[in-house]
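Peer 1: I am attaching a structure below and will ask some questions about it afterwards.
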Amino acid sequence: MTSVSGSIATALGIGSGIDTSALVTSLVSAARDPKQKVITDRQTTNNARISALGSASSSLDTFADALNSLLAGTGFAGSPASNDPSIAAVSLLPGGVPKLPAQLEVRQLAAAQTISSAPVVGATASTQLGAGSFSLKVGAGAAVPITLAANATYADLAAAINAAGTGVTASVITDNQGTRLVMKGATGAANSFTFTNTSASTALDAFTWDGATGGMTRQVQAKDAIILLDGVEQHYSSNTVDTAIANLRIDLNKAAPGTSVTLASTEPTTSMRDLMVEFVDAYNTLMKALNSATAKGADSSSAGVLNGEASIRDMKRQLSQMTSTVLATSGTYKTLSSIGVSTNRDGTLKLDTEALDKALVADAAGITQMLNPAVKSDTTPGLAGLMDSVRDKIQQKDGPLATAKAKYEKLGDDLKEQLDKLNDQMTDYQAQLSKVYTAMEKRLSAFKATQTYLEQQVAMWTKSDN
């Protein structure tokens, strides 16, 4: 027969080995998991939105930068060339397209002053010259002292000149005539130099030059390069000229007074037709990515991560206006739509190549100027300038894209705080349950001791009755 006290003990699990720690953990998980899932799901969605906004902005940058790079290259403007590289060669400098053609005459090359001492038969680089000092002065610069210690040699003198850092170099040359010191400055008339003896040693006078006379002989006089560019005489210190024509380097190789060299651009290797094909393809790649990110879908699970996001709608709206934006102030063709570019229902572009070909036949120069003007301005920005303008508006500091990103970043911080708060609450809840179950364990232990005592008494009473 099962006693009432035994039934109570069984129901309470006294002596049944129930793991109260596991029970507490299960209760805490049951309370925390649903709430935690709601927060973490929102975090996942929010992080995806932040990432998608960043990708949209990055894709816009990639598109605009690629377009700028494409139009800045020689493919659409041709490469600079000289009809006589033996006199003057040209190459493109970064930053833009040089304005060519131009007529160049090289009247004089730049030269560096060179002086040399008289050759001394039987001398070598280690032949001693003695102690003393010199003054080395380049152009209008300050004089620099050159000091020789006792027993200094030709080699020591050359080393001291080179160490002075004036731009004048020295070397010791030994040939069948003997040994001599040779000094050379930088090219350009302004870099002529003097080298005077400032010591009492008259033996060192053999290594002096005051600009007109001295112990050394001037072999080459310092000169500027002199060119005539489109009839304007210009002087340069170097035979490499990169400021005469913007974005063009001119290497002067030979003086040829009276000979005119033509600097021009080769024919472009890429046409405006190719440009428009590449532009439409790249634009559509960007727009399709935006469409995918904002797709409504059949339900929330299949909708794009940026579905309903106003900033992306604004981005798509501004991009769509490019086809109707005026790019030229005169001529028949002033917009992209006028040369065969139209917008599809999904926002992508369509290029009517037949219409474009007809327009190019009618006014190729005008279309080239519209798409890639030689001189850009607010009214004639060209295709790259237009893309930059659209990008700047979309990415402006207080614009919709920046505002949306800030909103989602703030939501991310809020969700993190909610998760931290939930963890704190569950820690407190776990501590509370542990306290309750610990107290219950103590009471059950007391009940068990009482039960044991009662069972013993009942057993004694039953035995005495027998």
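The values are calculated or read from the model by the stated rules, or taken from the named source; none is laboratory data. As the structure is a prediction and not an experimental result, all values here were calculated from the model. Counting neighbours? That spans all protein chains shown, and the Cβs are built from the backbone with ideal geometry, glycine included. When the accessible area is computed, the model is the full protein with side chains, heavy atoms only, and any ligands, DNA or RNA have been set aside. Shrake-Rupley method; radii C 1.70, N 1.55, O 1.52, S 1.80 Å.
Peer 1: Name the single residue, out of those in segment 441-457 being of a type outside the set (S, T, N, Q) and in contact (Cβ under 8 Å) with a residue 60 or more places away in the chain, that is least open to solvent (accessible area, probe 1.4 Å). Even if it seems obvious, please write down each step before you answer.
Peer 2: Applying the first criterion (of a type outside the set (S, T, N, Q)) to segment 441-457 yields 441-444, 446-449, 453-455.
Next cut, in contact (Cβ under 8 Å) with a residue 60 or more places away in the chain only: 441, 444, 447-448, 454-455.
Details: Glu441: 75, Leu444: 22, Phe447: 121, Lys448: 96, Leu454: 94, Glu455: 86 Å².
In this case the residue turns out to be Leu444.
Peer 1: Let me ask you something else. For segment 163-172, does any single residue satisfy the condition of being open to solvent by 60 Å² or more (accessible area, probe 1.4 Å), within 17 Å of Ser117 (Cβ to Cβ) and without any contact (Cβ under 8 Å) to a residue 40 or more places away in the chain?
Peer 2: yes
Peer 1: While we're on this one: With the requirement that a residue be in a strand (DSSP E or B), in contact (Cβ under 8 Å) with a residue 40 or more places away in the chain and among the hydrophobic types (A, V, I, L, M, F, W, C), what does segment 195-233 give you?
Peer 2: Phe195, Trp209, Val220, Ala225, Ile226, Ile227, Leu228, Leu229
Peer 1: Here's something else I'd like to know. Among (1) surrounded by 16 or more Cβ atoms within 10 Å (Cβ to Cβ); (2) without any contact (Cβ under 8 Å) to a residue 24 or more places away in the chain, which single condition is Asp392 missing?
Peer 2: Failing condition for Asp392: (1).
Peer 1: Among the listed residues Ser55, Ser91, Ser86, which satisfies the condition of being within 30 Å of Ser292 (Cα to Cα) and surrounded by fewer than 19 Cβ atoms within 10 Å (Cβ to Cβ)? Reasoning before the result, please.
Peer 2: Values: Ser91 fails: within 30 Å of Ser292 (Cα to Cα); Ser86 fails: within 30 Å of Ser292 (Cα to Cα).
Just a single option satisfies the conditions, and that option is Ser55.
Okay, residues lined up against (1) closer than 18 Å to Leu275 by Cα; (2) free of Cβ contacts under 8 Å to residues at least 24 places away in the same chain; (3) open to solvent by less than 20 Å² (accessible area, probe 1.4 Å); (4) out of contact with any helix residue (DSSP H, G or I) (no Cβ under 8 Å at 6 or more places or on another chain):
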position: Gly331; (1), (2), (3), (4): no, no, no, no
position: Val341; (1), (2), (3), (4): yes, no, yes, no
position: Thr353; (1), (2), (3), (4): yes, no, no, no
position: Leu371; (1), (2), (3), (4): yes, no, yes, no
position: Ala374; (1), (2), (3), (4): yes, no, no, yes
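Peer 1: Can you pull out every residue in segment 395-411 that is in contact (Cβ under 8 Å) with a residue 40 or more places away in the chain and open to solvent by 70 Å² or more (accessible area, probe 1.4 Å)?
Peer 2: Initially, segment 395-411 is screened for residues in contact (Cβ under 8 Å) with a residue 40 or more places away in the chain, giving 395, 399-401, 403-405, 408-409, 411.
Across segment 395-411, the qualifying residues are Thr403, Lys405, Glu409.
Peer 1: I'm checking my understanding of the structure. Among residues of segment 288-301 that are in a loop (DSSP other than H, G, I, E, B) and open to solvent by less than 60 Å² (accessible area, probe 1.4 Å), which one is farthest from Ser59 (Cα to Cα)? Let's see the steps before the verdict.
Peer 2: Of all residues in segment 288-301, those in a loop (DSSP other than H, G, I, E, B) come to 294-301.
Next cut, open to solvent by less than 60 Å² (accessible area, probe 1.4 Å) only: 294-295, 297.
Working: Thr294: 15, Ala295: 18, Gly297: 23 Å.
Restricting to residues being in a loop (DSSP other than H, G, I, E, B) and open to solvent by less than 60 Å² (accessible area, probe 1.4 Å), the top hit is Gly297.
Peer 1: Please count how many residues of segment 253-265 are under 12 Å from Leu228 (Cβ atoms) and either open to solvent by less than 20 Å² (accessible area, probe 1.4 Å) or hydrophobic (A, V, I, L, M, F, W, C) (or both).
Peer 2: Within segment 253-265, the first condition is being under 12 Å from Leu228 (Cβ atoms), and the residues that meet it are 255-261.
Narrowing further to those that are either open to solvent by less than 20 Å² (accessible area, probe 1.4 Å) or hydrophobic (A, V, I, L, M, F, W, C) (or both): 255-256, 261.
Residues flagged as under 12 Å from Leu228 (Cβ atoms) and either open to solvent by less than 20 Å² (accessible area, probe 1.4 Å) or hydrophobic (A, V, I, L, M, F, W, C) (or both) within segment 253-265 amount to 3.
Peer 1: Separate question: Collect the residues in segment 378-424 that are closer than 22 Å to Gln318 by Cα and out of contact with any helix residue (DSSP H, G or I) (no Cβ under 8 Å at 6 or more places or on another chain), keeping them in residue-number order. Give the steps one after another, and end with the answer.
Peer 2: If we filter segment 378-424 for residues that are closer than 22 Å to Gln318 by Cα, which is where we start, we get 378-407.
Passing the criteria: Asp378, Thr379, Gly385, Ser389, Asp392, Lys397, Asp398, Ala402, Ala406, Lys407.
Peer 1: Would you mind finding the one in Thr427, Thr438, Thr368 that is at pLDDT 90 or above and either of a type in the set (Val, Ile, Thr) or at positive phi (or both)? Spell out the reasoning first.
Peer 2: Values: Thr438 fails: at pLDDT 90 or above; Thr368 fails: at pLDDT 90 or above.
None of the other options fit; the residue is Thr427.
Peer 1: A further question follows. Filter segment 227-252 down to residues that are open to solvent by less than 30 Å² (accessible area, probe 1.4 Å) and either modelled with pLDDT under 95 or of a type in the set (Val, Ile, Thr) (or both), then give me how many there are.
Peer 2: 5
Peer 1: What is the number of the single condition among (1) in contact (Cβ under 8 Å) with a residue 24 or more places away in the chain; (2) of a type outside the set (Phe, Trp, Tyr); (3) within 22 Å of Ala112 (Cα to Cα) that Gln177 does not meet?
Peer 2: Among (1) in contact (Cβ under 8 Å) with a residue 24 or more places away in the chain; (2) of a type outside the set (Phe, Trp, Tyr); (3) within 22 Å of Ala112 (Cα to Cα), the lone unmet condition for Gln177 is (3).
Peer 1: Against the definition (buried (at least 16 other Cβ atoms within 10 Å of the Cβ) and small (Gly, Ala, Ser)), how does Ser201 come out, yes or no? Full working, then the answer.
Peer 2: Values: buried (at least 16 other Cβ atoms within 10 Å of the Cβ): no; small (Gly, Ala, Ser): yes.
Answer is no for this residue.
Peer 1: How about segment 351-466: which helices (runs of 4 or more DSSP H) wholly inside it have at least 3 residues that are of a type in the set (S, T, N, Q)?
Peer 2: Numbers: elements: 353-371, 382-394, 400-465.
Result: 353-371, 400-465.
Peer 1: So, one more: If a residue has to be under 25 Å from Gln177 (Cα atoms), open to solvent by 30 Å² or more (accessible area, probe 1.4 Å), at pLDDT 95 or above and of a type in the set (S, T, N, Q) to count, how many in segment 108-157 make the cut?
Peer 2: The qualifying residues number 4.
Peer 1: Taking the options Ser342, Ser338, name whichever one is outside any loop (DSSP other than H, G, I, E, B) and either touching a strand residue (DSSP E or B) at 6+ places or on another chain (Cβ under 6 Å) or hydrophobic (A, V, I, L, M, F, W, C) (or both). Give the steps one after another, and end with the answer.
Peer 2: On the way: Ser338 fails: either touching a strand residue (DSSP E or B) at 6+ places or on another chain (Cβ under 6 Å) or hydrophobic (A, V, I, L, M, F, W, C) (or both).
Result: Ser342 is the single residue among Ser342, Ser338 that is outside any loop (DSSP other than H, G, I, E, B) and either touching a strand residue (DSSP E or B) at 6+ places or on another chain (Cβ under 6 Å) or hydrophobic (A, V, I, L, M, F, W, C) (or both).
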